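First up is the structure itself, then whatever we jot down about it.
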Amino acid sequence: MGLLNIKQRFSDDIDKLTNEEAAYILTILMLILGLAIHAFLEKINTEISFSLYWFALIFMFYGFSNYVFELIKILSSNLLGKSLGAIVFLGATTLNLTVANGFINNVLHVPASAFGYTQTLVSILTIPVSSSISFMALFVICLSVIMVDGMVSFKSMSAKNILTLKFIRGFAVGSPFLVTSRMISIVILLSLSMSFANNNKWYSDQISVFTKWFAFNFEMDSYGYCIIPDSAKVSYLQMDNIVVGEFDGENYNFYVKRCRDEL
């Protein structure tokens, strides 16, 4: 009977946890298990402990993402939050397109305006780069939001509650475990963002290869009204300027020239 009672109590305690809390607890358990295996079984199998560290990282980000989605849900439940969300979305989209434009220009050495679809795809592929830069710039704000939400829940921060001072009742109601876990998560995210921003050549090189391949094969015409070299392709800019693309079997080459009309 004692064992059954312990099992039932443990089950009841688990049921009270949120997905975020459960994910952070799993993170701690994975870290402890990974460290124990690394310390006592290092000569037998180090891959197991390494895999457990990855699982710990995944569970940590899963828990933090639950918090972020819940926070977005709360903020988007009113007109002000929706307006801020629209501004953030517009700013993020503009930043991604700007990064993509500069990336294409740097890779192809021609104006990016000749490759509209390529800009769209590259803007998606460069989201990790622009996100890491944005996160580093907004880290202090994000950390402040977590600390404020830990002291005063945003659920109680309505205009009515502020006016009637009811929001004061929500002071210091946040779980210290959750607040600490969120702060650790965001610091780790900052470290990963800084590392990726400083060393993303392995990723940007692959995007460069894709950009050249896609622009040449899908956004350039083999036939047009301008005289171009044999087996070359053309894309059109403003006025009489064109972008000519050539592929020699190994490398892509793009350059701008004046259109010489065949007609």
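Nothing in this text is a laboratory measurement; each read-out follows from the coordinates by a stated rule. Just so it is clear, the model here is predicted, and its values are computed rather than measured.
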Checking the a/c ratio against 1.5 first, then a/b against b/c, what shape does the Cα gyration tensor give for the range 28-125? oblate
Part-to-part distance (alpha-carbon centres) for the range 55-71 and the range 119-139, which is given in Å: 20
Starting from the amide H of Tyr236, placed 1.01 Å from N in the peptide plane, find each other amide H under 5 Å away whose residue is 5 or more places distant or on another chain. Val243
